[in-house]
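Nothing in this text is a laboratory measurement; each read-out follows from the coordinates by a stated rule. Given the structure is predicted, the values throughout are model-derived calculations rather than measurements. Note that each Cβ is placed from the backbone with ideal geometry, even for glycine, and that neighbours are counted across all protein chains shown.
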């Protein structure tokens, strides 16, 4: 009888320890799951902040170049007037809250510019040639808009500028890169000049021109 009592006591102690061990394992697993979830959420928040920062750079750049520009272009002794209208493909706004990755991804995919270019000889009636590009994503690092499309018979390159007198190609490109960086960081809020290069559909010769914001 005494041995039976001892065996029963040992069994109860074993069951009690086993149950306590299961509770501790369950608690540890719960803590581990919570820590993993918190880490995942933190990683998502950090990634969202980075994406939002990159998105805001594009927003600032597009806001700086939106508008209408007008300039003169001479091709083989013939004078043309060139006009460019630049607008954002979607409304631009800035959020004061931490947004979801889906919200940011939507804007990253859809934020671009719509561009309408018209070339006209003012001395010849009905001579205007125009083309419209939608959903074009400018190079915000180089400050470059390069239009090569089936909807445009000619090739246009526009580079952000702040000096009408620049003619050296390397200097123009270097200045465009510098201005693009300032615009994307919101250090400057408006671009007033575009340096352009025109290439006819029937020739590989390039012609430089300047455009001013209207």
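Using the empirical formula 2.2 N^0.38 Å as the baseline, the Cα radius of gyration of segment 51-213 reaches a ratio of 1.09. Ranked by the mean number of other Cβ atoms within 10 Å of their residues, highest first, the peptides 172-180, 67-75 come out as 172-180, 67-75. For segment 51-213, relative contact order (Cα pairs under 8 Å, six or more residues apart, normalised by length) works out to 26 percent. Simple spin-label estimate for residue 146 and residue 46 gives 3.5 nm between the two label positions (7 Å along the Cα-to-Cβ direction from each Cα). From most to least packed by mean Cβ count within 10 Å, the peptides 115-123, 55-63 give 55-63, 115-123. Relative to the current alpha-carbon distance between residue 208 and residue 123, full extension at 0.36 nm per residue lengthens the span by 28.5 nm. At full extension, residue 92 and residue 31 could sit 17.7 nm farther apart than now, given 0.36 nm per residue minus the alpha carbon distance. If the chain linking residue 174 and residue 186 were pulled fully straight, counting 0.36 nm for each residue of separation and taking away their Cα-Cα distance, it would gain 2.4 nm. Consider a paramagnetic label point 7 Å from the Cα of residue 106 along Cα→Cβ; state which residues of segment 52-76 have an amide N under 20 Å from it. The answer is 52-60.
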